[in-house]
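In what follows, a structure is listed as structure tokens, so that the remarks can point back to it.
The values are calculated or read from the model by the stated rules, or taken from the named source; none is laboratory data. These numbers come from a predicted model, not from an experiment. Please note: Cβ atoms are built from the backbone with ideal geometry, for glycine as well, and neighbour counts cover all protein chains shown. For the accessible areas, the whole protein counts, side chains as well, though only heavy atoms, and no ligand, DNA or RNA atoms are used. Shrake-Rupley method; radii C 1.70, N 1.55, O 1.52, S 1.80 Å.
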Amino acid sequence: MSWAGPEDVFLSTSLASYLDKKLLVLLRDGRKLLGILRSFDQFANAVLEGAWERVIVGGLYCDIPLGLYIIRGENVVLIGELDLDKEELPSHMTRVSSEEIKRAQKAEREASELKGMMNKRMDFLDMD
């Protein structure tokens, strides 16, 4: 049996106010998950029902359904309740298919790698 310290009790009670509400969960690896909080424990492990991952690349986005999803508490950076009366995304965002968002992610990754490679070359040429 594990002992929950005062900070664990505070975290658990604060998560209790989010039970059965639609949440946005930001993970350490940058993923954004949305869903209804159905359960949690003293370690902030959480269960989202009807979960989906929102992938955003530039002005494009895609919601990838995950279903019932368990999140390990140590991976959580931020949890926030979504206002159901407001639009979740700005109007300029365009919803695309999962195939299109994967192509956009690949292009973004390749552009970032190219930029890094060019910066290394420029640093090499910089002779102060």
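What the table below lists for this structure:
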| item | result |
| --- | --- |
| Selected residue (only one of 77, 55, 47 is under 20 Å from residue 28 (Cα atoms) and touching a Cys at 6+ places or on another chain (Cβ under 6 Å)) | 55 |
| Single condition residue 93 does not satisfy, out of (1) under 30 Å from residue 17 (Cα atoms); (2) open to solvent by less than 50 Å² (accessible area, probe 1.4 Å) | (1) |
| Of residues in segment 47-69 being of a type in the set (Gly, Ala, Ser) and at pLDDT below 95, the one least open to solvent (accessible area, probe 1.4 Å) | 59 |
| Qualifying position, being farther than 28 Å from residue 43 by Cβ and in contact with a Leu (Cβ under 8 Å, 6 or more places away or on another chain), among 61, 69 | 61 |
| Contacts under 7 angstrom Cβ, first residue in segment 70-89 being loosely packed, with under 12 Cβ neighbours inside 10 Å, partner in a helix (DSSP H, G or I), 6 or more apart | none |
